[in-house]
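J.: Take a look at this one; I'll ask things after.
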Amino acid sequence: MARLVPSRAPSGFREGPDSLPNPEPGLIGALERIVGPDRVLSRPIHRIAYAADASFYRLIPQAVVRPRTVPEVQELFALARGRGVPLAFRASGTSLSGQAVTDGILVDVSKAWKRLEILEEGRRVRVEPGVIGGVVNQRLAPWRRKLGPDPASIHTCTVGGILANNSSGMCCGVAHNSYHTVDSLAFVLPNGFVADSGDPASRFRLEREAPDLVGGILDLRRRVLASAALVERIRRKYRIKNTTGYSINALVDFDDPVEILAHLMIGSEGTLGFIAEAVFRTVPDDPERSTGLLFLPGVPEACAAIAPLRESGAATLELMDRQALRSVEDVPGVPAGVRALPPAAAALLVEYQAADAGALRAKEEQALRVFADLPLLAPPLLTHEPGEQEVLWKVRRGIIASVGARREPGTSVLIEDVAFPVEVLAPAVADLQRLFAAYGYGDAVVFGHAKDGNLHFVLSQSFNDDRSVARYEAFMADLADLVVQRYDGSLKAEHGTGRNMAPFVEAEWGSEAYEVMRRVKALLDPDGFLAPGVVVNDDPRAHVTHLKRLPRIEPEADRCIECGWCEPRCPSRSLTLTPRQRIVVQREIARLRQEGGATALLRSLEADYDYQVLDTCAADGMCALSCPVSIDAGALVKRMRASRHGRTARWLARQAAERFGAVERLARGLLVLG
């Protein structure tokens, strides 16, 4: 199989740093002068805690800074640009492709930027980037409206991340993704200019204060429009989900330079500027729902059913191959029939939604007519009962958790997403399955948003030795060949390009479109200080650089996939560290100890460990409610706290607990005496 790899000269494999480099001289003081000392985190334990996001990459920032205003962001831009220090943004850190890590200045917007305003009885909503997507939908619920994008992480990820990655999800398809549902955007460009596509005066200010930028954007638009082949390629690439590279469809869809810039920002992953505020056009949140799970003989039959089911009005069509179903068949609550399915079977989770019961009945009648023509392995069932619907959704939602929980300790969970034209989905799935087998990924599962031709696959991968890294590198080359050369699909459908796919952007788009993307980056960020290496990257081996190693620690913590879903529930998230960050720090301490030697970094982490990791954990177990692999970090912390005490202290505590009535009377007497 011919491999699609970037043509640039290779560079050597580089792993994450083993020691903590010092920040640039004077950088911490300069940051503190901009935002104040209380909003700059530069202690080693904080830098390590923020070195990881939900991806399998690791970069240690020189400092973490938390601005609250646009002027502070402008000053941070000027500082980073002047010093030549990379700067990247992070909100919830649920990015799966390495967009939210940097070895420069990491700007955390999750603690501020929380403004949320409902407009026009919920038909629009104004929101800042630090607001969690699920919170927006909760506020919109009284009007039966919601955001168009519906990523699986919506109860953890923020609006900033949703926009930066052009998120979509299970139901929204292409029409209701971030790009197509944003009404206006306020953003800060790398040169410090603040633009607002909702403000008519913004265009005139931009033309007056940044004429070279306006001229460059309009020249790029004219260049694109002059090539009929390029325009057709852009339109065709965005008929299916696609977040590979920059949203250069903005150069075709709009003629106003501010609108072009605003839509280039969407999906730019923080490499072109900072999104300070967005106004979304919301979509109906239909209250009436009917959900069913269809079992079919195989993936080809399931894929053949997609078109008629979509035409019948299905809002959701989630495909699961047999390996995906096998991963959840022993999960409590999953229908017993899953275990009895034949080896090649597949399933479709189908859901119909409507504004009222009458409209839903009409859709169900049409659905039943389609079901009658399908080669189903079991009678179809559509249920309105919320408890039964939750059981069916548990099959789909439990896949990632099950693969993550069963993986070998020390391996990372890779969750990738690709997209194909729906008409070739069946052979594409078969080719993916053959590719997994060829590279020995026996635990790999395929599932996804079949209605849009969007597939996710999950597998476990070690990055702890060169042989494992070489296997992954070869697999990625063949994956790119399969998706691009064979099917002209999207290497990234909704997770953003990130570091993982940046070396393959040109391979997917071709040299002409890629050159347009390079010019966009050079025009807006000529100094290249915003998230360098993300989206556009000249290193053909960037996707195997700065990889995360996962040493073993505690058995339950070893299951952690560092997704960050636990963080919104953590009571101490704004005081010290979150459950994910506590585990990241524990892993770093374990790694340093395994490598031998009491380094200055190890001593610093151990000195801060008790307060940051143990003493300030609420230990209430709330994190386990959101954790996809059910880790109760609170229970782990309780056990670790106990280990700090000797045998006598533990005996006394046990005696006091067993005789608490006497302890209470003694305490009351001592208080009276006092």
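J.: Relative to the compact-globule scaling 2.2 N^0.38 Å, provide the ratio for the alpha-carbon radius of gyration of the range 119-242.
T.: 1.24
J.: What does the charge count around Lys111 come to, taking other residues whose C-beta lies under 10 Å from its C-beta (Lys +1, Arg +1, Asp -1, Glu -1)?
T.: +4
J.: Enter the per residue convex hull volume of the range 459-599, computed from alpha-carbon coordinates, in Å³ rounded to the nearest integer.
T.: Output value, Cα hull per residue: 178 Å³.
J.: Heavy atoms of the protein only, probe of 1.4 Å, neighbouring chains included. What is the accessible area of Thr599 in Å², nearest 10?
T.: 60 Å²
J.: Something else now. Report the one residue of Ala91, Val174, Leu119 whose Cα lies farthest in the direction of the positive end of the charge dipole of the chain (charges on C-beta: Lys and Arg +1, Asp and Glu -1; origin at the Cα centre).
T.: It is Ala91, whose Cα lies furthest towards the positive end.
J.: Write down Rg/Rh for the range 229-288, rounded to two decimals, with Rg from the C-alpha atoms and Rh from the Kirkwood relation over Cα pairs.
T.: Dividing the radius of gyration by the Kirkwood radius yields 1.04.
J.: Another question, then. Sum up the charges of everything whose Cβ sits under 12 Å from the Cβ of Val458, counting Lys and Arg as +1 and Asp and Glu as -1, but leave Val458 out.
T.: That works out to -2.
J.: Given N residues in the chain, what is Rg(Cα) / (2.2 N^0.38 Å)?
T.: Normalised Cα radius of gyration, the chain: 0.98.
J.: Still on this structure, please answer the following. Run the helix sum for the chain: -39,500 (n - 2.57) per DSSP H stretch of 4+ residues, divided by residue count, reported at 222 nm to the nearest 500 deg cm²/dmol.
T.: Result for the chain: -12000 deg cm²/dmol, rounded to the nearest 500.
J.: Have a look at Pro44, Pro23, Pro284 and report the one farthest towards the positive end of the charge dipole of the chain, computed about the Cα centre with Cβ charges (Lys/Arg +1, Asp/Glu -1).
T.: In the chain, that residue is Pro44.
J.: Long-range amide H contacts for Arg145: which residues qualify at under 5 Å (H placed 1.01 Å from N, peptide plane, sequence gap of 5 or more or a different chain)?
T.: Result for Arg145 returns Asp285.
J.: Counting only Cα, what are the radius of gyration and maximum Cα-Cα distance Dmax of the range 380-507, in Å?
T.: Rg and Dmax of the range 380-507, Cα atoms, are 16.0, 51 Å.
J.: One quarter of the convex hull surface, Cα atoms only: what value does that give for the range 239-369 in nm²?
T.: Mean projected area of the Cα convex hull: 12.1 nm².
J.: Further question: Cα extents of the range 53-148 along the three principal axes, largest first, in whole Å?
T.: 47, 33, 17
J.: Could you sort the peptides 583-594, 567-578 by per-residue average Cβ neighbour count (10 Å cutoff), highest mean leading?
T.: Result, highest mean Cβ count within 10 Å first: 583-594, 567-578.
J.: Hey, another quick one. What does the charge dipole of the chain about its Cα centre add up to, to the nearest 20 debye, if the Cβ of each Lys and Arg holds +1 and the Cβ of each Asp and Glu holds -1?
T.: Its charge dipole is roughly 1740 debye.
J.: Next question, about the same structure. Just order 69-76, 487-494 by mean Cβ neighbour count inside 10 Å, highest at the front, would you?
T.: 487-494, 69-76
J.: Which listed residue (Ala78, Ala54, Val536) has the Cα farthest towards the positive end of the charge dipole for the chain, taking +1 on Lys and Arg C-beta and -1 on Asp and Glu C-beta about the Cα centre?
T.: Checking the options against the dipole of the chain, the answer is Ala54.
J.: Still on this structure: Report the relative contact order of the chain, percent, no decimals, based on alpha-carbon pairs under 8 angstrom and at least 6 residues apart.
T.: The normalised contact order for the chain reaches 17 percent.
J.: In addition: Hey, got the dipole for the range 218-333? About the Cα centre, +1 on K and R Cβ, -1 on D and E Cβ, debye to the nearest 20?
T.: It comes to approximately 580 debye.
J.: Each residue of the range 176-187 in order: what ³J(HN,Hα) in whole Hz does its phi give by Karplus 6.51 cos²θ - 1.76 cosθ + 1.60, θ = phi - 60°, with x for Gly and Pro?
T.: Values, residue by residue: 10, 6, 4, 4, 8, 10, 6, 8, 7, 9, 10, 8 Hz.
J.: Measure out, as a whole number of angstrom, how far apart the alpha-carbon centroids of the range 638-674 and the range 155-204 sit.
T.: Answer, in whole Å: 55.
J.: So, by mean Cβ neighbours within 10 angstrom, what's the order for 317-325, 149-157, 302-310 with the highest one leading?
T.: Taking the mean over residues of other Cβ atoms within 10 Å, the ranking is 317-325, 149-157, 302-310.
J.: Given Cα positions, please report Rg to Rh for the range 305-373, the hydrodynamic radius being the Kirkwood one.
T.: Reported Rg/Rh (Cα atoms, Kirkwood Rh): 1.05.
J.: I want the local charge near Ile631. Using Cβ-Cβ distances under 15 Å, sum +1 for each Lys or Arg and -1 for each Asp or Glu among the other residues.
T.: Net local charge, Ile631 excluded: +3.
J.: Enumerate the calculated ³J(HN,Hα) couplings along the range 63-73 in order (Karplus 6.51 cos²θ - 1.76 cosθ + 1.60, θ = phi - 60°), each rounded to whole Hz, writing x wherever the residue is Gly or Pro.
T.: Here the 3J(HN,Hα) series is 6, 10, 10, 10, x, 10, 9, 4, x, 5, 5 Hz.
The values are calculated or read from the model by the stated rules, or taken from the named source; none is laboratory data. Predicted model, so just to flag it, every value in this text is computed and none were measured. Counting neighbours? That spans all protein chains shown, and the Cβs are built from the backbone with ideal geometry, glycine included. To get the accessible areas, we keep the full protein, side chains included, count just its heavy atoms, and leave off ligands, DNA and RNA. Shrake-Rupley method; radii C 1.70, N 1.55, O 1.52, S 1.80 Å.
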